[in-house]
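The values are calculated or read from the model by the stated rules, or taken from the named source; none is laboratory data. From a predicted model like this one, the values you see are computed outputs, not experimental measurements. Cβ atoms come from the backbone with ideal geometry, glycine included; neighbour counts cover every protein chain shown. Side chains are part of the model used for accessible areas, which takes the heavy atoms of the whole protein and leaves out ligands, DNA and RNA. Shrake-Rupley method; radii C 1.70, N 1.55, O 1.52, S 1.80 Å.
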Amino acid sequence: MPLALYALTAGAFGIGVTEFVIMGLLLDVSGDLGVSLSAAGLLISGYALGVVAGAPLMTTLTGRWPRKQVLLGLMVIFILGNAACALAPTYATLMAARVLTAFAHGTFFGVGSVVATGLVAPERKASAIAVMFTGLTVANILGVPFGTWLGQSMGWRASFWAVTVVGVVALAVIAAFVPRDSEPPAASDWRADVRALLRGPVLLGLLTTVLGFAGVFTVFTYVAPLLTQVAGFSEAAVSPILLVFGVGLVAGNLIGGRLADWRLGPTILGSLLVLALVLGLMTFAVHDKLLAVLFVGLLGAAGFATVSPLQLWVLEKAEGAGQSLAASINIGAFNLGNALGAWLGGAVLDQGLGLGAVPWVAALVPLSAILVALWSLRLDARQRRVRLRTDSVEAVRHAGA
């Protein structure tokens, strides 16, 4: 893998830390700002919705910029947003700062995915995306546990100052190692991009992404209270257990990328099925300390095994025109799933079902994603048959002529 790909990984690491570190600090934020736990959880939903809104907006606005310039500009937004989070005096201003930070997220991963796949041979595209997304997984192994410990020890604002520093380092690494575009970017036709985005296969791929990841975040949003209030761990144990989650992310991400290079469709279906099983069994596992730790790791592995396959699937469905926009929107789809999951987990709590009910409710969501993926694959097969018949008719006509 080329060095430039690891520079993209550095940027992904910074974004991964700021996205996920808040989950280990929900109790601290809610206590400091005087809001409920479910309201603090909405900071995750707010960030996710910021990604959904920012991805198409930033991708369209920067469509004619050189890709390296786009990546650097997005990292500047990231740095300013995290500094604003650290300084936020109220819940409302913290929410606004989180949304600002999120505007960098979708387009960074969307443009980064296109750059990454252009750096490698065609048969290694999914693995290249997986390497870039390893930044997210390493963020969960190193950044999130450290950020959680730092926030619990020195106050949650210290975590955001640390993330700001990470953003500055990532900006420098991208500036140093990502090459400039070999030629000026083609003029962007947003109408053609939108038409490509609105094709049925692309929309079904995006819906699969939303539903698949919603299941992960229904549980992961409330992983700290699940571990402390259901499994019986102390608050100090949450950070080391999140390290196990991060190890699972790395393993699942790389395995998912390798399998997707082999067979993309079966990898998507299989990874979603495994995710549903892990979530369903987690309903029982969280009542035992050892099993709770094991299943936190399995949740990370199963959840991130879906990421690079789903990203590559949407890129292939976009078929050239609109790939950058489709890739960015799919990152937004992951985060829309995050928001949906955070809302669903909060709804379970608000309905009085209790934390123990969150995992089995979450398991239903990736099962619905499997149905959507099967529908998409069936449509693909039908379209291939139609093309074959059309090609056969044309061949007969030419032979007769």
What's the number of the only condition in (1) closer than 17 Å to PHE146 by Cβ; (2) at pLDDT 85 or above; (3) open to solvent by less than 20 Å² (accessible area, probe 1.4 Å); (4) of a type outside the set (Asp, Glu) that PHE13 fails to meet? (3)
The helices (runs of 4 or more DSSP H) lying wholly within the stretch 256-351 that contain at least 3 residues that are among the small types (Gly, Ala, Ser) and either in contact with a Lys or Arg (Cβ under 6 Å, 6 or more places away or on another chain) or at pLDDT below 80 (or both) are 323-350
Checking THR93 against (1) within 21 Å of the chain's Cα centre (by Cα); (2) within 29 Å of VAL223 (Cα to Cα), which test does it fail? (1)
Looking at the stretch 88-121 only, could you name the residues that are of a type in the set (Ser, Thr, Tyr) and surrounded by fewer than 18 Cβ atoms within 10 Å (Cβ to Cβ)? THR90, THR93
Leading residue by the ranking (surrounded by the most Cβ atoms within 10 Å (Cβ to Cβ)) among those in the stretch 26-36 that are at pLDDT below 85 and under 24 Å from ILE141 (Cα atoms): LEU26
Sole exception among (1) at pLDDT 85 or above; (2) over 22 Å from ALA172 (Cα atoms) for LEU71, by number: (2)
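Output the number of residues of the stretch 48-95 satisfying the condition of being of a type in the set (Gly, Ala, Ser) and more than 23 Å from ASN330 (Cα to Cα).
The qualifying residues number 5.
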Filter pass, VAL168 being of a type in the set (A, V, I, L, M), under 28 Å from GLY248 (Cβ atoms) and open to solvent by 10 Å² or more (accessible area, probe 1.4 Å): no
Any residue at all in the stretch 315-336 that is touching a residue at least 12 places away in the same chain (Cβ under 8 Å), on the phi < 0 side of the Ramachandran plot and charged (D, E, K, R)? yes
